[in-house]
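The block underneath contains the structure these notes are about, expressed in structure tokens.
Each value in this text was obtained by applying a stated rule to the coordinates, not by laboratory testing. Just so we're clear, the structure is a prediction, and the values are computed from it rather than from any experiment. Heads up, the Cβs are rebuilt from the backbone with ideal geometry, glycines too, and the neighbour counts pull from every protein chain shown.
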Amino acid sequence: MGLPGKLDENVPLQSTRKRKSFLHDINSQNLSSGLISSTLLMTGPALIILQAASAGHFTNEQTITWMFAANFFPGVVGVLMALLFRKPITGGHSITGVAFLATVTAHFTFPELIGGYVLSGLTILIVGVSGLFTKIIKWVPKEVISAMLAGLVTGYVVKLIPAIQEMPVVGVAALVSFFVCTKYSKRIPAVMAAVAAAFVALFLTQDLNLGSKGIPFSLPSLHAPEFSWMGVLTLALPLAMLVLSNDAAPGIGALESEDYDPPIRKIVTISGVFSSITGFFGGHCANIAGMMTAICAGPDSGEKSKRYAGSVLSGIFVMLFGIFAWKIVPFIQSLPQAFVSLLAGFALIGVLHSSLQQGFSGNRHRLSALAAFLIALSQVSFLHISAPVWALIFGAVIAKTVEK
């Protein structure tokens, strides 16, 4: 009888830690990361959705249901996976997927688009269940993954310079706040200070047009899909490849780069399940988000064991945006593109720094890491496969052959 009592007294500290509410793990750093990562999804991509809906001659109801589904369900995915795995797995939708859809919505009826979204989600689900994505990621050296991520985010960080040139008052205010907090304050995250200063300067110096009306409200609803071979070949498969290459690969790569040992098969499978569900509501996907995960998993998010809270917060913000998007869109439309680039640049400075360190600190995979960095930086796309995936492929091949 003494043994059970003894076991109870020696419950692992990790189990006790997991039972704690994530509220205790929220701090200014992961809150800042959650806010910034969600801002990435709620600005440019939302405008592209409106453009794609306009190109497809969507009704107000169809536009709202797309805006709702493309934000609410990704938010649910982020909250679910971050709490389930206690890792900064951030939910979003494919931004490149939206850009792709903006070119094809006019060629399909709304039910055919729904069918393509559902089949795309099923394709991602099959890839996840098969374990194929896990094998590919595990085959690639960590240095190559870090270099790929560095090349991917460099393009975003570099845009800081023209953004500051275009908006000098806002840019300088953000830059000074960033450097001051970096040197003198450990409690206030430098990125949060930069973003706050940027918003204050923006409101004081820019005349934002907030007078435009929002989209007329209507309740989101389920839609019946329509399937066709043309939809499979020209819509579902390209969309699935964009999600896997532009979001799953960089997102999982960011987690690998920070030594989180992500459950790859489960992440991709859950992304496939929720993408299919999202499709029935008119949204194109709901999956692990590449850049958003990189922000929440990066060193600027604070203590490693608490970074998952940033992903949870990001998911909550995105869910709320999906619910109230019809009312918030006019404010988003009023933000200058340079300002959005400014926010993204500051958010990814820490990710770029740590990725460069991890990718090029050793001597074993210098050539393969350099190749991965340059290919990812080039943003080339071939056979509907994006630069990050080509970077991983070529980097891994060089590592396994030339550097072996």
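Annotations
- Most fluctuating residue given options Leu239, Leu222, Leu80, as computed from a GNM of the chain linking Cα atoms under 10 Å: Leu222
- Max mean-square fluctuation residue, GNM over the chain, Cα-Cα springs under 10 Å, options Pro263, Pro238, Pro299: Pro263
- Rough spin-label spacing in nm, given labels placed 7 Å along Cα→Cβ, for Leu80 and Thr234: 3.2
- Each distinct pair of alpha carbons in segment 139-197 adds a 1/r term; the inverse of their mean, the Kirkwood radius, is 13.1 Å.
- Choice from Lys142, Lys183, Lys266 showing the highest fluctuation, given a GNM over the chain with Cα pairs closer than 10 Å: Lys183
- Lys304 paired with Ser221, simple spin-label distance in nm, labels 7 Å along Cα-to-beta-carbon: 5.1
- The slack between Gln357 and Ile161, meaning 0.36 nm per residue of separation minus the straight C-alpha distance, is 68.3 nm.
- Rounded D (µm²/s) - segment 262-351, Kirkwood Rh over Cα pairs, Stokes-Einstein at 20 °C, 1.002 mPa s: 142
- Using alpha carbons only, the radius of gyration of segment 312-376 set against its Kirkwood radius gives Rg/Rh = 1.20.
- Residues Tyr260, Tyr184, sorted so that the one with the fewest Cβ neighbours within 10 Å comes first: Tyr184, Tyr260
- Extension gain from Val380 to Lys135, taking 0.36 nm per residue of separation minus the Cα-Cα distance: 85.8 nm
- By average C-beta atoms within 10 angstrom, highest first, the peptides 165-176, 243-254: 243-254, 165-176
- Across the cross-link table entries Lys159/Lys304; Lys266/Lys404; Lys135/Lys400; Lys135/Lys304; Lys138/Lys404, which are compared at the Cα atoms, the separations over 23 Å belong to Lys159/Lys304; Lys266/Lys404; Lys135/Lys304.
- Surface/4 of the Cα convex hull for segment 31-167, nm²: 11.0
- When you work out D = kT/(6 pi eta Rh) for the chain at 4 °C and 1.567 mPa s, using the Kirkwood radius from C-alpha pairs as Rh and the Stokes-Einstein form, the result is 60 µm²/s.
- As a proxy for reagent exposure, ranking Phe280, Phe382, Phe274 by other Cβ atoms within 10 Å from fewest up yields Phe382, Phe280, Phe274.
- Estimated distance in nm for a label pair at Val397 and Tyr184, the labels positioned 7 Å out from Cα along Cα-to-Cβ: 5.3
- Ranked Lys87, Lys135, criterion: other C-beta atoms within 10 Å, fewest first: Lys135, Lys87
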